[in-house]
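The values are calculated or read from the model by the stated rules, or taken from the named source; none is laboratory data. All figures in this text were calculated on a predicted structure; none of them were measured in a lab. Every residue, glycine as well, gets a Cβ built from its backbone with ideal geometry; the counts of neighbours run over all protein chains shown.
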Amino acid sequence: MKRLRRRILNLAAGASIVAAALAAGPPTASAAAGTGGCQLNSAHQQIQHVIQIQFDNVHFTRDNPNVPSDLEQMPNLLNFIENNGVLLTNHHTPLIAHDATDILTSFTGLYGDRMGVPIGTTFRYFAPSGTTSAGVAFAYWTDPVFDPTTATPTDTKFNLLGADGKNTPAPWVPFTRAGCNVGQVATVNTVLENIATDIPTVFGAGSPEAAEVASNPGQAVADFVGIAVHCTQASSVCAAANHGRPDLLPDEPGGYTGFTGLFGHKYVAPQIGGTGTGGVELADLDGDTIQDTSGHIGFPGFAGMAAKVSLAYVADMQEHGIPVTYAYINDAHDKFLTGPAYGPGEAGYVAALKAYDTAFGQFFQRLAGDGINQSNTLFVITADEGDHFVGGRPSPDGCDGVMTPCTYSKIGEINGNLTGLLATEQGISTPFTVHNDSAPSVYITGNPTRGAAVTRNLERATAGLTAVNPITGDTETITDALADPVEMDILHMVTADPARTPTFTLFAHPNYFLFAGAANCNSPCVRENPAFAWNHGDFQSDITTTWLGMVGPGVTNLGIDSTTWSDHSDIRPTIMVLLGLKDDYAHDGRALMEDLDGWATPAAVKLNGGYDKIAVMYKQLDAAVGQFGLATLIVSTDAVASGNASDDSRYAALENQLSSLNTQRDALAVQMNGLLEKAEFGGQPITEQQAHALVTQGQSLLDQANLLHS
């Protein structure tokens with residue numbers, strides 16, 4: 001998220017603050033009254049507030065073994081989770097491991113093939129002519145494809161596109177139907193993300209808001225982008241007099257009429273305690289007015305969503321009758337507007353984490369004073385993906401960052417001109433475009449089939465690329481894995497819109513960020529770029545392994561859970577089970593019953609012992625970075641990278657086997673998922689016999705996938 005939006009636009013002391021917050025008693029009358037008509041249906045009716053926080057690239061594991069990790073340097077947050085709930089550290093992303101894809105999966109419980117955004121922050125789409133144009137994932141929920149390069153995009157389908165070709169069901173719907181207003185703080189696609197397509201979609205092309213875009217675009221961003229409230233049918237918060245707009249979801253199953261929303265800081269701030277002229281001034285947790293770097297009062301931009309800002313919005317919302325809040329917090333290792341990026345243990349990085357830690361201490365203390373704490377609030381906190389640090393050795397040796405700051409003489413992602421490398425090393429000049437990335441999706445001009453000679457030649461050439469790392473001096477193979485549409489389908493990367501399906505996806509060595517440039521290496525083709533030093537998007541474990549924290553009624557106080565295998569698709573069904581609510585669709589994930597108290601676990605899940613067995617196997621079969629996905633990716637790479645044209649028969653055979661396995665996997669996953677959803681939300685237990693039969697079939701598929709690459 002930071003890359004695109006940026007281009008478009010004392011440890012022990014901290015622990016005492018949390019201790020004060022945790023000492024708070026039961027919810028106060030004012031806090032309970034503040035939830036209004038919100039009717040959550042949690043076990044024992046204990047959950048009255050929901051706070052879901054999504055970090056951008058904040059790590060539990062250490063990037064340098066001597067330097068405490070991001071969470072270790074935020075004890076106010078880490079202690080709150082470990083002392084009151086559970087921190088799952090065997091938690092994973094979908095693919096491609098990118099902000100938009102990851103966050104949308106955690107919000108909906110759906111992988112990219114079912115919610116429309118599997119490639120990541122940006123993507124390409126084929127026009128009927130065979131050329132491609134740009135798509136940007138960051139657009140409001142009901143927007144069509146956001147193509148900033150043209151006023152007449154050829155792809156007019158929804159950006160958020162379900163497998164049925166309709167707009168993906170929205171995650172706030174179960175809450176607003178239950179009478180709960182939902183606040184969104186810089187959270188992807190649930191707020192207005194841009195002033196190009198979002199303003200006309202929500203306010204209308206002839207609206208005063210659109211006129212402000214034309215006359216003062218900087219203020220328009222501060223006024224209308226990034227902040228929203230989705231209201232119940234009866235809520236006065238989003239009344240027309242407050243500039244509320246109809247909250248239109250044309251494809252929501254079961255209908256969604258009479259609901260309204262507030263869009264933008266300008267209209268939300270007066271409803272959550274804003275002061276000054278128009279009530280638009282809000283303070284961050286340090287007491288400073290929230291504004292952008294140009295002095296526009298209002299939303300400070302996504303790069304400005306540090307913890308003290310984002311958490312202040314959440315607190316304001318919770319204190320003003322908005323009991324369900326989602327928030328985004330940017331990472332601490334980027335300097336954003338000033339660059340370059342920090343390395344682990346650098347003084348600026350440590351200072352940023354200290355500021356985040358202070359903000360969480362202030363946040364928990366303030367909420368506790370409002371009677372909002374772990375006794376009546378479900379806290380769900382995670383990070384979109386891990387980042388791979390691209391840099392040299394720190395100096396001095398053994399620096400820990402906290403006591404001895406680290407410095408780096410070499411730091412920065414390695415930018416690679418894919419076009420130039422192919423022309424120079426492989427003699428390939430096939431025209432193509434890419435989604436620039438460490439895991440770039442390649443779109444060959446003309447949109448040839450996957451088995452066409454031009455496709456096969458480019459794939460083979462891509463597999464053979466090497467580069468001299470300008471930081472280490474080592475010669476490295478650039479391509480770690482390749483997936484054509486057969487494997488991308490297995491990895492949930494093929495949507496209902498054929499125009500968005502790439503010719504193939506290259507998962508690069510995580511040091512490299514690849515782009516399409518000049519067909520020569522005069523520039524040069526490979527160079528160090530210190531403005532960015534953290535790569536993601538790839539399938540490697542340091543990128544796809546992240547963490548999930550949960551605290552609140554019904555969450556078992558386990559501290560660290562390093563055993564349970566989970567991914568972002570599991571967050572949503574777990575929340576729905578805890579709250580006693582249901583979505584309008586079946587999730588791709590499953591509820592994390594291992595981390596819930598017995599009294600908060602549906603009775604059907606506990607009967608017969610079948611649920612756990614199916615849940616474990618289901619994840620390894622269906623998750624993109626589960627055993628099946630990773631095993632088939634190895635096979636796909638072997639097939640796609642086949643060395644010459646005579647290998648095409650072998651390629652075809654492997655592709656056919658992968659396609660057959662995928663068909664079997666999908667059918668089995670549907671059966672498993674159906675049983676899991678019925679146990680979680682329908683009161684139907686899974687028998688031991690059902691579990692044994694399905695798990696046996698699942699193990700057979702895993703064995704077949706592993707045999708293909710053995």
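Here are some notes:
- Identity of the residue in the stretch 382-391, touching an Asp or Glu at 6+ places or on another chain (Cβ under 6 Å) and in a loop (DSSP other than H, G, I, E, B), that ends up farthest from M74 (Cα to Cα): V390
- Number of residues in the stretch 392-441 that are assigned to a strand (DSSP E or B) and of a type in the set (D, E, K, R) equals 2.
Residues are listed down the side, and each one gets a yes or a no for (1) modelled with pLDDT under 95; (2) buried (at least 19 other Cβ atoms within 10 Å of the Cβ); (3) part of a loop (DSSP other than H, G, I, E, B):
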position: Y443; (1), (2), (3): no, yes, no
position: T449; (1), (2), (3): no, no, yes
position: T462; (1), (2), (3): no, yes, no
position: A481; (1), (2), (3): no, yes, no
position: F532; (1), (2), (3): yes, yes, yes
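- Meets criteria (polar (S, T, N, Q), outside the structural domain of G674 (by TED's automatic domain parsing) and in a loop (DSSP other than H, G, I, E, B)) for T574: no
- N376 being polar (S, T, N, Q), at pLDDT 95 or above and touching a Pro at 6+ places or on another chain (Cβ under 9 Å): yes
- When residues in the stretch 464-479 are screened for being within 14 Å of N417 (Cβ to Cβ) and not in a strand (DSSP E or B), 3 of them pass.
- Neighbours by Cβ (under 9 Å, 6+ apart or cross-chain): first from the stretch 660-681, assigned by TED's automatic domain parsing to the domain that holds L708; second of a type in the set (S, T, N, Q) and not in a helix (DSSP H, G or I): L675/Q684; K678/Q684
- Some residue of the stretch 133-153 being polar (S, T, N, Q) and buried (at least 24 other Cβ atoms within 10 Å of the Cβ): no
- Residue in the stretch 131-138 that is within 11 Å of the chain's Cα centre (by Cα) and under 16 Å from Y443 (Cα atoms) present: no
- In summary, A631 fulfils each of the numbered conditions (1) surrounded by fewer than 24 Cβ atoms within 10 Å (Cβ to Cβ); (2) in contact with a strand residue (DSSP E or B) (Cβ under 6 Å, 6 or more places away or on another chain) with the single exception of condition (2).
- Hits in the stretch 689-710 - residues which are at pLDDT below 95 and of a type in the set (G, A, S): S710
- If you go through the stretch 301-329 and keep only what is outside any helix (DSSP H, G or I) and touching a helix residue (DSSP H, G or I) at 6+ places or on another chain (Cβ under 6 Å), you end up with V324, T325, A327, I329.
Condition check ((1) over 21 Å from the mean Cα position of the chain (by Cα); (2) surrounded by 22 or more Cβ atoms within 10 Å (Cβ to Cβ); (3) of a type in the set (D, E)) across all residues:
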| position | (1), (2), (3) |
| --- | --- |
| K354 | yes, no, no |
| F364 | yes, yes, no |
| G369 | yes, no, no |
| A383 | no, yes, no |
| G386 | no, yes, no |
| F389 | no, yes, no |
| R393 | yes, no, no |
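- Sole residue being over 28 Å from the mean Cα position of the chain (by Cα) and within 30 Å of Y585 (Cα to Cα), chosen from Q318, Q233, Q271: Q233
- Once the stretch 688-710 is narrowed to residues that are part of a helix (DSSP H, G or I) and small (G, A, S), the residue that is nearest to Q627 (Cα to Cα) is A705.
- Test: residue in the stretch 55-63 that is modelled with pLDDT of 95 or more, under 30 Å from L160 (Cα atoms) and in a strand (DSSP E or B): yes
- Here A196 fits the description: surrounded by fewer than 24 Cβ atoms within 10 Å (Cβ to Cβ) and of a type in the set (A, V, I, L, M, F, W, C).
- Check on R245, out of contact with any strand residue (DSSP E or B) (no Cβ under 7 Å at 6 or more places or on another chain) and surrounded by fewer than 24 Cβ atoms within 10 Å (Cβ to Cβ): no
- The lone criterion from (1) surrounded by 23 or more Cβ atoms within 10 Å (Cβ to Cβ); (2) under 20 Å from L249 (Cα atoms); (3) among the polar types (S, T, N, Q) left unmet by T121 is number (2).
- Residue among T260, T358, T293 that alone is polar (S, T, N, Q) and within 26 Å of V237 (Cα to Cα): T260
- Scanning the stretch 422-441 for residues that are farther than 22 Å from E655 by Cβ and surrounded by 24 or more Cβ atoms within 10 Å (Cβ to Cβ) yields a total of 3.
- The single condition among (1) among the β-branched types (V, I, T); (2) closer than 30 Å to G580 by Cα; (3) part of a helix (DSSP H, G or I) that V625 does not meet is (3).
- Subset tally (residues that are of a type in the set (A, V, I, L, M, F, W, C) and under 15 Å from G37 (Cα atoms)) for the stretch 174-199: 4
- Listed here are the helices (runs of 4 or more DSSP H) enclosed by the stretch 75-132 that have at least 3 residues being farther than 26 Å from P553 by Cβ: 99-108, 112-115.
- In the set (1) assigned to a helix (DSSP H, G or I); (2) surrounded by fewer than 23 Cβ atoms within 10 Å (Cβ to Cβ), the condition left unmet by P685 is number (1).
- Condition check for V635: at pLDDT below 95, under 30 Å from L465 (Cβ atoms) and among the β-branched types (V, I, T): no
- Considering Y585, Y611, the condition of being assigned to a loop (DSSP other than H, G, I, E, B) and farther than 15 Å from Q52 by Cβ is satisfied by Y585 alone.
- The stretch 291-311, residues that are aliphatic (A, V, I, L, M), in contact with a Leu (Cβ under 8 Å, 6 or more places away or on another chain) and surrounded by fewer than 24 Cβ atoms within 10 Å (Cβ to Cβ): A303
- From the options N673, N662, residue that is over 22 Å from T574 (Cα atoms), under 27 Å from the mean Cα position of the chain (by Cα) and in a helix (DSSP H, G or I): N662
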